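Quick note: the coordinates plus some simple rules give every number you see, no bench work behind them. For clarity, every value in this text was computed on a predicted model and none was experimentally measured. Cβ: placed from backbone, ideal geometry, glycine included. Neighbour counts: every protein chain shown.
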Amino acid sequence: MPSEPRTPAEPTLEELSAYLDHELDSAAEARVADHVAGCDECRARLDGLRETAHAIRALPMETPPRRFTIPEQRRRGWRWAPAGWIGSAAVALLLIAVGIQNLHLPAGPTATSGSFSTNSGGLANAPATRSEKGAVPPLSAPSPFTQQFDAQSAGAATNAATVVDSSNSARRLVLDTDKTSYPANGRMRVTVQLIGSPSTSLQSADQGLTLTLVRNGQGVALRPVGVESFNGTPIFGGWYDLASFPLSPPLAGDYRLQATWLIPDGSGRVLQVSVPVRIAG
Amino acid sequence: MFPSNSLNDDRDLVGRARRGDREAFTQLIVQYQVPLYNMALRMVGKPDDAADIAQEAFLRAWEKIRTLREAPFKSWLFQIAANLCYDHFRRGRRYGVMPDEEITSNVVGLGIATPDPQERAEANERTRLVRDCIQALDHDMRIAIVLRDVNGMAYEEIAAVLRVPLGTVKSRIARARAQVQEQLQRHPDFFPTTEDAHAE
C-alpha cells in the first residue's frame, strides 16, 4: 500500500523569520520551503513577516545632524593624585622593593598581560545593500569611474538596491520600487535617494540623474520629480502608469529599472544601480 | 557590482588608528557614521540624542582602539554604541520616546517621494507608524530588529554585537517582527496585507 506523502513539520515563527533572512542551514531551509509550498496558512504568515521586514527596511537612512569628531589628544585615563597619596604610595613601593630584594624565589614564567577581545571572529561582512538577494552580473561593463550594483529579487513585495561611493562612504544611491511585478496597466512607484549629494537641487538634470526602464538594450527614460527630505537629501521619484510607456510590444516581460547618477562635483564619478521589474501579460 | 572590501580596509585603518593615526580613524568615522547614527536614532528616537550617542561611541572607540585585537572593528563599534543606548535608557529617559511633531511632518516616508502631496502625506504617515511600532518594542527586541532590518547585519554579527547566543538573536528578531506586524495590521489603509490586495 503506497504511503501518503509526508508534509514537513510546521515551521516555528523563528524558523519562518530566519528563512526570510537566509539564516537557516540548508536542511532546515529546504524543509521550510517544502512546507510553505503546500501550506496556505504558513505562506500567509511568511508573507506577513516579509512585508513587515520590508516596511522597516524602507525607513529612510537619515544623515547625521552634525559631524562627528575626535579630540586632538585622547582623554586622560588617569588623574593627578593628592600629594599625600603620592607620598604614601612611594613609601609602600619602597617597602615592597625592599621585601622583594630579601626574597629568593625560584625562576618561573613571566607574567603576561591578557589580551582584550570582544567576540569571536568569522563574522559576516554585510554588504551595503538592502536587497534580499545577491548580486547579478552588471548590465554593461562599468568604467573605472563607475560603481554599479544590480539587485536580483523575485517575488519580493518591495524592490530595493543601494550602491555606496567607494571614495566617500557617506554618499550612496538608493533605488526602490513598491513591487517587483506589475500588470500591464499598473502603476509603479519609484524612489531614488541621492544621499550625500554635493548639490541640493531638485532638478534631475542638475543632479546628473537619469532613470530608465530597459529590456534587451532598449528602454524608456522616466522623468523623475524631485522632492526633499527633512535632512536635505534630494529624493526623486513618483508614480508611473506603465500603460503610458512607449515600450515595444509585447509589453509583458522582464525589465531592469536603472538609475544612473553622474555625481555633480566635476569628478566624473558615476554611481549606477538597478532593480528587476516584471510586467505581467 | 558594488566592490566591497571594507573588512580589509577596516583592518588597515584600524591598524593605523591603533598607532595613533587620527586621519585613519577619521576615515573610519566617515565610513560608519551614517549606519551608526541610524542605529542609535531608531533606538532612542530623537536625532540629538542619537547624535550624542554616536559621537560618544566614536570617542570611546578612539580612546580604546589600542585594546582592540582580533575582533572586527564594526562589531566592536556597534557594541559600544549599543551599550550607550542601554545607558541612555537606564538614565531614566522616556521609554519609547515619540518623535517631535515638527520632524514627523517633514520626513519623507518609507523612502518614497511622489509629486502628489496626498501620496507624500500618506508616505509620511506610513513612516511614522513603522517608527512608532519599533519604539514600542522592548529594548532587547528593538536593538535586534534594528541591527537586522535597519543596519542589514547578519545574525552572527548581531550575536557578536549584543554578546548573546545565535538562537537568542533569531528569537528576538522573529518576535519583534511579529509584534510590529500585529501593530501595523491595525492600519490596513496604510499597510494592506497580501490577502487584502488579492481581495481587491
For peptide B:37-43, the mean count of other chain Cβ atoms within 10 Å per residue Cβ is 3
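Would you please give the FRET efficiency between A:S167 and B:T168, computed as 1/(1 + (r/R0)^6) with r the Cβ-Cβ distance and R0 = 45 Å, to the nearest 0.05?
0.70
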Counting only residues 5 or more apart in sequence or on a different chain, those whose built amide H sits under 5 Å from that of A:C39 are none
Expected sort for B:138-144, B:32-38 on mean C-beta neighbours within 10 Å, highest first, is B:32-38, B:138-144
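What do you get for Rg/Rh over region B:1-96 if you use C-alpha atoms and the Kirkwood form of Rh?
Looking at region B:1-96, the ratio lands at 1.01.
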Amide H neighbours of A:V225 at under 5 Å, excluding residues fewer than 5 places away on the same chain, with H built from the backbone geometry, are A:G237
Note: B:171-180 gets an average of partner chain Cβ contacts (10 Å, Cβ to Cβ) equal to 6
Whole-Hz Karplus couplings 3J(HN,Hα) for region A:8-25, θ = phi - 60° and coefficients 6.51, -1.76, 1.60, Gly and Pro as x, run x, 4, 5, x, 7, 4, 4, 5, 4, 5, 5, 4, 4, 8, 6, 10, 9, 5
Mean per-residue count of partner chain Cβ within 10 Å for B:148-157 equals 6
The long-range amide H neighbours of A:R269, using H built 1.01 Å from N in the peptide plane and a cut-off of under 5 Å, are A:I263
Across all Cα atoms of region A:13-54, Rg and the largest Cα-Cα distance (Dmax), in Å, are 9.5, 26
Phi-derived 3J(HN,Hα) across region A:181-196 with the Karplus relation (6.51, -1.76, 1.60, θ = phi - 60°), rounded Hz, x for Gly and Pro, is 10, 9, x, 4, 9, x, 10, 10, 9, 10, 10, 10, 10, 9, 6, x
